[in-house]
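What follows is one structure encoded as structure tokens, with my remarks underneath.
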Amino acid sequence: MTTHRTIEFTLNGRPVTVHAGNHQNLVELLEGQGLFGARESCGQGLCGCCTVIVNGAAVSACLTMTTLVDGADVRTIEDIGPDGQLDVVQQAFIDTGAFQCGFCTPGFILMTRQLLDAHPNPTDDEIRHYLSGNLCRCAAYTEIIKAVRLAAASRKG
Ligand code: FES
Ligand code: FES
């Protein structure tokens with residue numbers, strides 16, 4: 001049985017109040033807010049296409065029920081650049097051609113930011129390990145590794 005409850009949370013820095021169903025996941029909630037960067041693909045927590053940041057941690061929005069974000073801070077790909085500009089990780093993915101269809105790209109970019117926040121100078125093995133939960137059906141992995149290396153260098157300035 002579907003029931004509804006009021007959910008209050010912070011979405012990309014602004015307070016949001018929604019009336020959400022108990023079966024609604026975070027991807028659907030974000031789409032209702034006009035945000036389509038988190039894409040539902042596998043729907044099983046296996047591909048990383050739906051990655052968003054909740055209270056500073058990367059989560060699969062397809063497996064996150066709306067009730068779990070009540071009171072949380074939610075950040076999406078739409079809000080990672082400063083003042084509407086591209087983040088250096090986004091720019092690095094563009095400069096290295098690290099995507100083809102782009103369906104997986106928001107998840108890879110968010111996870112790359114998480115990686116570089118924790119490990120500013122990752123080795124290629126660390127990059128592969130950290131991004132192992134993100135799948136790219138276009139197999140742009142070689143370019144994605146290059147993008148992460150470039151982003152790491154750009155962050156160091
Ligand atoms: S759609 Fe959520 S992990 Fe694949
Ligand atoms: S660029 Fe197409 S799925 Fe990754």
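Quick rundown of the values:
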read-out	value
Student exercise, the chain dipole from Lys, Arg, Asp, Glu Cβ charges, in Debye to nearest 20	220 debye
Listed residues A147, G34, V89: farthest to the positive end of the dipole of the chain (Cβ charges)	A147
Estimated translational D of segment 82-156 in µm²/s (Stokes, Kirkwood radius over Cα pairs; 20 °C; 1.002 mPa s)	177 µm²/s
Value of [θ]222 nm, deg cm²/dmol, for the chain, DSSP H segments ≥ 4, -39500 (n - 2.57) each, nearest 500	-10000 deg cm²/dmol
R0 of 35 Å, Cβ-Cβ distance R5-L46: FRET efficiency to nearest 0.05	0.80
Mean separation of Cα contacts under 8 Å, 6 or more apart, over the residue count of segment 82-156: relative contact order %	49 percent
Sequence ranges 96-108, 137-149, 113-125, ranked by mean other-Cβ count within 10 angstrom, highest first	96-108, 137-149, 113-125
Dipole magnitude of segment 82-156, debye to nearest 20 (Cβ charges: Lys/Arg +1, Asp/Glu -1, about Cα centre)	80 debye
Kirkwood-type radius of the chain, with distances r between different C-alpha atoms, in Å	16.0 Å
Net charge dipole size for segment 4-77 [Lys, Arg +1 and Asp, Glu -1 on Cβ; Debye, nearest 20]	80 debye
Binned Cα-Cα distances of segment 57-113, short to long, each 5 Å bin given as a whole percent	4, 15, 27, 21, 17, 10, 5, 1
Two-decimal Rg/Rh across segment 17-100, once Rg and the Kirkwood Rh are taken from alpha-carbon atoms	0.99
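Every number here is computed from the coordinates shown, using simple stated rules; none is lab data. For clarity, every value in this text was computed on a predicted model and none was experimentally measured. In this analysis, Cβ positions are derived from the backbone assuming ideal geometry, glycine residues included, and neighbour counts consider all displayed protein chains.
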